[in-house]
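Accompanying notes for the structure given below.
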């Protein structure tokens, strides 16, 4: 385990990716987080949304992902889809408001990407944001790590 962590941090530093190692969940520094365990990566007005490593870990093996259609409007804090795992079904909430401009079609055939690559190929939707000011309502990586630590210690 320690050698895997060392390899991962070496790879992360090589790729210039900032990673927090908290318990078992990875929290990336360049993302914003919702208390409901979604992440958002912002690039201009475009926002890529997915669920966090912490969320997929608690859900277990994901077997189905329900996503909205391209063109659908999403609102910050409101549900836009669902994730079903062998353990539970969970609604997915949008961390930002805007129009869905792309949906990860790969998740229809390979929902397990949510487990194996929650921050890369396991993303859910891309949204053209209406209001970048909404980002201030989300958690910073340090705050999200603290939330995960609190949840883990209360279980």
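Some points to look at:
- Of the residues making up the stretch 75-95, those that are at pLDDT 95 or above and touching a helix residue (DSSP H, G or I) at 6+ places or on another chain (Cβ under 7 Å) are 76, 83.
- Whether a residue is modelled with pLDDT of 95 or more and part of a helix (DSSP H, G or I) was assessed, and residue 146 does not pass this test.
- A single entry from 47, 72 fulfils the requirement of being out of contact with any helix residue (DSSP H, G or I) (no Cβ under 8 Å at 6 or more places or on another chain), crowded, with 18+ Cβ neighbours inside 10 Å and modelled with pLDDT of 90 or more: 47.
- Unique residue being in contact (Cβ under 8 Å) with a residue 24 or more places away in the chain and not assigned by TED's automatic domain parsing to the domain that holds residue 35 when the list is 59, 139, 67, 107: 139
- Taking the stretch 104-138 as the range and being surrounded by fewer than 20 Cβ atoms within 10 Å (Cβ to Cβ) and part of a strand (DSSP E or B) as the test, the residues that pass are 126, 128.
- Given (1) more than 22 Å from residue 35 (Cβ to Cβ); (2) outside any helix (DSSP H, G or I), number of the condition residue 95 does not satisfy: (1)
- Scanning the stretch 85-103 for residues being in contact with a strand residue (DSSP E or B) (Cβ under 7 Å, 6 or more places away or on another chain) and surrounded by fewer than 16 Cβ atoms within 10 Å (Cβ to Cβ) gives a total of 6.
- Filter result for the condition that a residue is outside the structural domain of residue 72 (by TED's automatic domain parsing), farther than 11 Å from residue 47 by Cβ and either touching a residue at least 12 places away in the same chain (Cβ under 8 Å) or part of a helix (DSSP H, G or I) (or both), over 151, 84: 151
The values are calculated or read from the model by the stated rules, or taken from the named source; none is laboratory data. None of these values were measured; they are calculated from a predicted model. FYI the Cβ positions are ideal-geometry reconstructions off the backbone, even for glycines, and counts take in every protein chain you see.
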